[in-house]
Amino acid sequence: MRETGLPQTTDPLTRDYVHRCQSAAEPLRSAVADADLPPALLASFGDRLLPRPLFAERTQMLRFAEDVTRLFHLITSLPERLYDGDLRRYCADLGLHGRAAALMCGLGGVAPPLYARADMYHDGTDFKLLEFNIASELGGVDRSGELPRALLEVDAFAAFARDHGLDFIDTGRQVARALRQAGRVVTGDREPVVALLEGRAGMARYGGAWRAFQELMRRQGLADLLLGEVHETRLRPDGLYLRDRRVDVVVRCFAVDQILADPAGEAVVEPILRAHQDGLAVLWTPMESNLFGNKACLAMLSDPRNRHAFSTEELKTIDQVLPWTRALYGDVPDEVMTDCLRRREQLILKPNYRYGGSGIVAGWETDAAGWQQALEDAADYGCVVQERIVPRAEPVVDPRTGDLGQWQAAWGLFLTPEGYAGAYARALPADTSAVIGISANPDTRTAGVFLY
């Protein structure tokens with residue numbers, strides 16, 4: 001057996017798995033390809049799977065989940081802690097004005113339910129938070145539980161999992177439980193009728209992923225999960241309807257910018273908001289979620305001028321989980337801009353409200369002049385600048401050739417009202433791009449996550 005050449009940060013479990021897969025006769029090598037995925041998931045991501053799952057130490061993952069849960073509650077308390085409950089001032093510092101601010105504050109800025117995905121890197125020692133997606137239009141739910149479940153049905157992997165005591169949290173089961181619980185104010189004990197709603201024309205673009213989500217929820221017993229777009233709803237005296245079906249729970253997969261793109265967007269979404277306010281249906285999650293998924297919220301936590309608003313224990317959590325992060329919007333302090341120019345190769349710039357890696361500028365991939373221009377532009381439309389976290393290398397054996405490659409992974413950790421709800425990962429060959437995302441780079445692959 002040839003030397004594996006694995007990085008020193010490789011954990012013993014991964015080392016064993018990769019070492020075995022370097023043998024052409026080892027059935028683990030083709031386990032991912034042999035897994036029987038559900039049809040819609042296979043159609044959406046079957047050709048974009050990493051040839052192996054990723055492994056995380058159970059205690060470390062669960063501790064990080066507890067930390068980001070605490071961070072969630074800190075973020076949703078920011079209007080009270082820093083602005084005395086004044087949502088107008090809070091929104092202004094987030095760069096939200098006019099229609100956008102009014103839409104997100106329709107319920108008075110109430111704290112949303114715990115439903116989020118924390119995106120993080122493992123730096124070889126511990127996890128570090130990159131972004132906190134507090135919203136209901138979360139990607140990855142369909143893969144997080146289904147990829148591990150399918151792998152455990154492959155005999156070779158099932159034996160490996162038994163030998164090493166592997167397990168996983170089924171994200172689909174946790175999300176289905178959350179939707180059932182949310183709907184009980186309308187349904188009592190009966191199963192809810194759930195409608196996943198996109199913005200206008202959103203199904204044409206994202207329908208593949210949402211069909212995989214629909215397939216997953218039906219596997220979890222939510223037989224009446226419908227797909228549609230926001231303009232297809234009507235409010236009647238007896239409830240909210242999607243086409244000809246009355247619905248109890250709306251999974252909000254329409255984003256704020258989709259509503260704002262339509263001059264009559266508020267009128268289109270108004271029946272859904274009114275049904276939620278009148279107790280005729282539950283909006284999962286309300287538009288208020290987007291007040292707290294803004295990347296500028298992380299900058300508010302990291303900003304030294306705000307440390308007085310947090311207890312010693314809260315500051316310990318912030319410092320442990322979150323890299324150095326600063327807001328770039330409006331009148332940026334001279335010392336912040338000077339620091340950003342000086343530390344170009346250690347920083348990355350991220351727009352507050354874009355997703356999927358759109359608009360990101362990595363200082364280490366940009367020359368000094370380009371970086372300065374990016375910083376100046378950022379102050380006009382709202383960005384954060386964050387300290388670079390270098391993810392550890394994840395060794396992966398190519399099942400066709402046996403070649404060993406080094407990849408880097410962005411992990412997605414899900415939270416529901418019951419807490420940790422599983423994880424999945426996205427990966428790219430090491431050092432190919434600063435952005436690891438399915439929509440951002442066609443070479444990105446996705447992987448299930450097991451705990452050991």
Quick count over the range 148-169, residues being of a type in the set (D, E, K, R) and in contact with a strand residue (DSSP E or B) (Cβ under 7 Å, 6 or more places away or on another chain), is 1
Any residue in the range 42-55 that is surrounded by 19 or more Cβ atoms within 10 Å (Cβ to Cβ), of a type outside the set (D, E) and under 27 Å from I318 (Cα atoms)? yes
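Out of the range 315-368, which residues are of a type in the set (S, T, N, Q) and within 21 Å of L94 (Cβ to Cβ)?
Across the range 315-368, the qualifying residues are T325, N352, S358.
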Out of A374, A410, A379, A393, sole residue that is over 30 Å from V336 (Cβ atoms) and either of a type in the set (A, V, I, L, M) or modelled with pLDDT of 95 or more (or both): A393
Among the residues of the range 56-75, how many are surrounded by 21 or more Cβ atoms within 10 Å (Cβ to Cβ) and not aliphatic (A, V, I, L, M)? 1
Show the residue pairs meeting these rules: Cβ distance below 7 Å; 6+ apart or different chains; first residue within the range 12-40 and surrounded by 17 or more Cβ atoms within 10 Å (Cβ to Cβ); second residue at pLDDT below 95 and assigned to a helix (DSSP H, G or I). none
For A92: the one exception among (1) more than 28 Å from I438 (Cα to Cα); (2) in contact with a Pro (Cβ under 8 Å, 6 or more places away or on another chain); (3) aliphatic (A, V, I, L, M): (2)
Is it the case that the range 114-126 has a residue that's farther than 25 Å from Q406 by Cα, part of a loop (DSSP other than H, G, I, E, B) and touching a Pro at 6+ places or on another chain (Cβ under 9 Å)? yes
Residues satisfying the stated conditions in the range 337-354, i.e. under 14 Å from G382 (Cβ atoms) and surrounded by fewer than 21 Cβ atoms within 10 Å (Cβ to Cβ): P351, R354
Could you look through the range 341-387, keep only residues that are among the acidic types (D, E) and over 27 Å from G140 (Cα atoms), and pick out the one that is farthest from the chain's Cα centre (by Cα)? D367
Within the range 426-440, residues open to solvent by less than 30 Å² (accessible area, probe 1.4 Å), farther than 14 Å from H122 by Cβ and assigned to a loop (DSSP other than H, G, I, E, B) come out as A434, V435, G437
Between E153, E137, which is at negative phi, crowded, with 22+ Cβ neighbours inside 10 Å and not hydroxyl-bearing (S, T, Y)? E137
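So which residues in the range 339-387 are small (G, A, S), over 20 Å from H97 (Cβ atoms) and part of a loop (DSSP other than H, G, I, E, B), if there are any at all? Please lay out each step first, then the result.
First, pick out the residues of the range 339-387 that are small (G, A, S): 356-359, 362-363, 368-370, 374, 378-379, 382.
Next, only the ones that are over 20 Å from H97 (Cβ atoms) stay: 356-358, 362-363, 368-370, 374.
Selection gives G356, G357, S358.
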Only residues that are aliphatic (A, V, I, L, M), over 23 Å from Y206 (Cα atoms) and open to solvent by less than 60 Å² (accessible area, probe 1.4 Å): list them for the range 156-178, please. A156, A158, A159, A161, L166
Scan the range 229-261 residue by residue and report those that are within 19 Å of G207 (Cβ to Cβ) and acidic (D, E). E229, E232, D257
Strands (runs of 3 or more DSSP E) within the range 187-281 that include 2 or more residues open to solvent by less than 10 Å² (accessible area, probe 1.4 Å): 194-198, 225-229, 239-242, 249-252
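The values are calculated or read from the model by the stated rules, or taken from the named source; none is laboratory data. Everything numeric here is computed off the predicted structure, so don't read it as measured data. Please note: Cβ atoms are built from the backbone with ideal geometry, for glycine as well, and neighbour counts cover all protein chains shown. Ligands, DNA and RNA are stripped out before the accessible areas are found, and what is left, the full protein with its side chains, is counted by its heavy atoms. Shrake-Rupley method; radii C 1.70, N 1.55, O 1.52, S 1.80 Å.
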